[in-house]
Amino acid sequence: MLKIKNLKANINKKLILDGFNLEIKPGEIHAIMGPNGSGKSTLSNILSGKKGYEISGQITFENQNLFDLEVEERAHKGIFLAFQYPLEIPGVNTNIFLKTSVNAIRKAKGETELDAIEFLKLVKKKANELKFDQEKLSRQLNVGFSGGEKKKNEILQMSILDPKLCILDETDSGLDIDALKIVANGVNALRKKNNAFLIITHYQRLLNYIKPDFVHVLMNGKLIKSGGPGLALELEKKGYENLN
């Protein structure tokens, strides 16, 4: 599904990623852990199409050169990024935002757009599954939401859009244990044989609830170690600097 070969990324002449390699196949969950400044968020930004980086190397998504696709085209192809700090967008109704998003992707796929009744039925079902307060669907996007509510809203978007590659950039940041479990359950419910997840996190606690197939350690722009779920537990005990 996703293949990254010798990815290098600079910003303001500072090298952030230095020869990064990774392959993610359908049905897999990969977790990337690493200290601050290791390049985790840069990776998610590049995959989602954020500008401002000097980039070399190769990234293919379903055998297509990702660098040929603009941000909206990547979304249409099925790439979704859940932000560490979801933005508040005053003046934009949450329901309208979600309906516009899902219909844009359906249109790009050549599918029939959902009418108002079909959409409301879908969003209510997904909101109930995530224990997301439906009253907030009529409010401005993320405005006045708590940190946990913003993260749940991101997972709600992901659930409705049903992407092929879900990138979670430190989604666990700032969540209490109850919100963490709800977010994790939402992710687990979305796991299928034909989609994949890239989970970027500092801490092992999220991986108690979302079981990854592979765990990778990113330091100084490179993956220095890869393994199974046990690697996250090793990091929790030893830290990054003591990793052999």
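The values are calculated or read from the model by the stated rules, or taken from the named source; none is laboratory data. Source: prediction; values computed, not measured. FYI the Cβ positions are ideal-geometry reconstructions off the backbone, even for glycines, and counts take in every protein chain you see.
At a glance:
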item: Exclusive hit being of a type in the set (A, V, I, L, M), farther than 21 Å from ILE182 by Cβ and at pLDDT below 90, set ILE96, ILE79, ILE89; result: ILE89
item: Selected residue [at pLDDT 85 or above, within 19 Å of the chain's Cα centre (by Cα), within 28 Å of ARG74 (Cβ to Cβ) and among the hydrophobic types (A, V, I, L, M, F, W, C)] from LEU141, LEU137, LEU122, LEU114; result: LEU141
item: Top-ranked residue of the range 187-206 - restricted to ones that are in contact with an Asp or Glu (Cβ under 9 Å, 6 or more places away or on another chain) and in a helix (DSSP H, G or I), ranked as farthest from GLU28 (Cα to Cα); result: ARG205
item: ILE155 surrounded by 16 or more Cβ atoms within 10 Å (Cβ to Cβ), outside the structural domain of LEU114 (by TED's automatic domain parsing), closer than 30 Å to ILE105 by Cα and in contact (Cβ under 8 Å) with a residue 12 or more places away in the chain; result: no
item: Number of positions in the range 169-186 that are out of contact with any helix residue (DSSP H, G or I) (no Cβ under 7 Å at 6 or more places or on another chain) and either at pLDDT 90 or above or assigned to a helix (DSSP H, G or I) (or both); result: 4
item: Matching residues in the range 202-242 - criterion: being β-branched (Val, Ile, Thr) and either under 15 Å from LEU180 (Cβ atoms) or outside the structural domain of ASN36 (by TED's automatic domain parsing) (or both); result: ILE210
item: Of all residues in the range 70-128 being in a strand (DSSP E or B) and small (Gly, Ala, Ser), the one that is farthest from ASN194 (Cα to Cα); result: GLY91
item: Scan of the range 137-167 for residues that are in contact with a Leu (Cβ under 7 Å, 6 or more places away or on another chain) and aliphatic (A, V, I, L, M), ordered by number; result: ILE155, LEU156, MET158, ILE160, LEU165, ILE167
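Matching residues to (1) surrounded by fewer than 19 Cβ atoms within 10 Å (Cβ to Cβ); (2) within 18 Å of the chain's Cα centre (by Cα); (3) within 29 Å of LYS125 (Cβ to Cβ):
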| residue | (1), (2), (3) |
| --- | --- |
| GLY49 | yes, yes, no |
| VAL71 | yes, yes, yes |
| PHE80 | no, yes, yes |
| ILE89 | yes, no, yes |
